[in-house]
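Structure record follows, encoded as structure tokens.
Derivation of every value follows stated rules applied to the coordinates shown; laboratory data play no part. A quick note: this is a predicted structure, and the numbers were derived from the prediction, not measured. Every residue, glycine among them, receives a Cβ derived from its backbone with ideal geometry; neighbour counts consider all protein chains shown.
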Amino acid sequence: MNAIRAATVADAPAIGEIHVASWQAAYAGLLPEEFLARLSAESRAASWARRIGDPAIPGRVLVVEDGGDIAGFAAFGPGQLYALYLRPEYWGRGLGRLLHDRVVEELPGDSAVLWVLATNERAKAFYVRQGWVDDGACQTETIDDGRVTLEEMRYRRSLP
């Protein structure tokens, strides 16, 4: 049985694992292999625990469960979907769409944006199927102390 609920600090280790596993699978061949290999589930978990546990940080984090196991998570705030990731073994099973649809229901306002890696064709196709449209905006972000450059595209959609 699938369930979507608000994340708690206790979920942070699973969210950290999902974040890293998803990046390593989705970005293989798109980002440097040595960078992906260095990603730390523990570091990501600590970051997510701070975000979930600090009421001063705007936005929400939801998790989707499959049979009691956390299969994925999404983070969003006013006007923006920040992250939506599933464990790779859950890709293609409809859980991402369920989680996405719940986020769209809960996003405030009449439209929202998200940023996606320009070379991530799988994610771009997913978002287009969910009603997001490339609005032409692009940004370049550097991570890993400036060693990794991310070229991102912005997508926008109307909210119900």
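Brief remarks follow.
A quick yes/no check of all residues on (1) touching a Phe, Trp or Tyr at 6+ places or on another chain (Cβ under 6 Å); (2) in a helix (DSSP H, G or I); (3) free of Cβ contacts under 8 Å to residues at least 40 places away in the same chain:
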{"position": "18", "(1), (2), (3)": "yes, yes, no"}
{"position": "35", "(1), (2), (3)": "no, yes, no"}
{"position": "96", "(1), (2), (3)": "no, yes, yes"}
{"position": "102", "(1), (2), (3)": "no, yes, no"}
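- Picking from residues in the range 37-67 that are among the β-branched types (Val, Ile, Thr) and either part of a helix (DSSP H, G or I) or free of Cβ contacts under 8 Å to residues at least 40 places away in the same chain (or both), the one that is surrounded by the fewest Cβ atoms within 10 Å (Cβ to Cβ) is 57.
- Within the range 44-63, the set of residues being over 12 Å from residue 16 (Cβ atoms) and of a type outside the set (A, V, I, L, M) comprises 53, 54, 55, 58, 59, 60.
- The lone exception for residue 87 - which of (1) touching a residue at least 12 places away in the same chain (Cβ under 8 Å); (2) out of contact with any helix residue (DSSP H, G or I) (no Cβ under 6 Å at 6 or more places or on another chain); (3) of a type in the set (Lys, Arg) it fails: (2)
- When 71, 83, 75 are screened for being part of a strand (DSSP E or B) and touching a His at 6+ places or on another chain (Cβ under 9 Å), only 83 passes.
- The set of residues in the range 101-160 that are closer than 21 Å to residue 39 by Cβ and touching a Pro at 6+ places or on another chain (Cβ under 9 Å) comprises 144, 147, 148.
- Restricting attention to the range 27-36, the residues that are surrounded by 15 or more Cβ atoms within 10 Å (Cβ to Cβ) and of a type in the set (Gly, Ala, Ser) total 0.
- One residue stands out among those in the range 96-138 that are within 17 Å of residue 27 (Cβ to Cβ) and among the polar types (S, T, N, Q): the one that is surrounded by the most Cβ atoms within 10 Å (Cβ to Cβ), which is 120.
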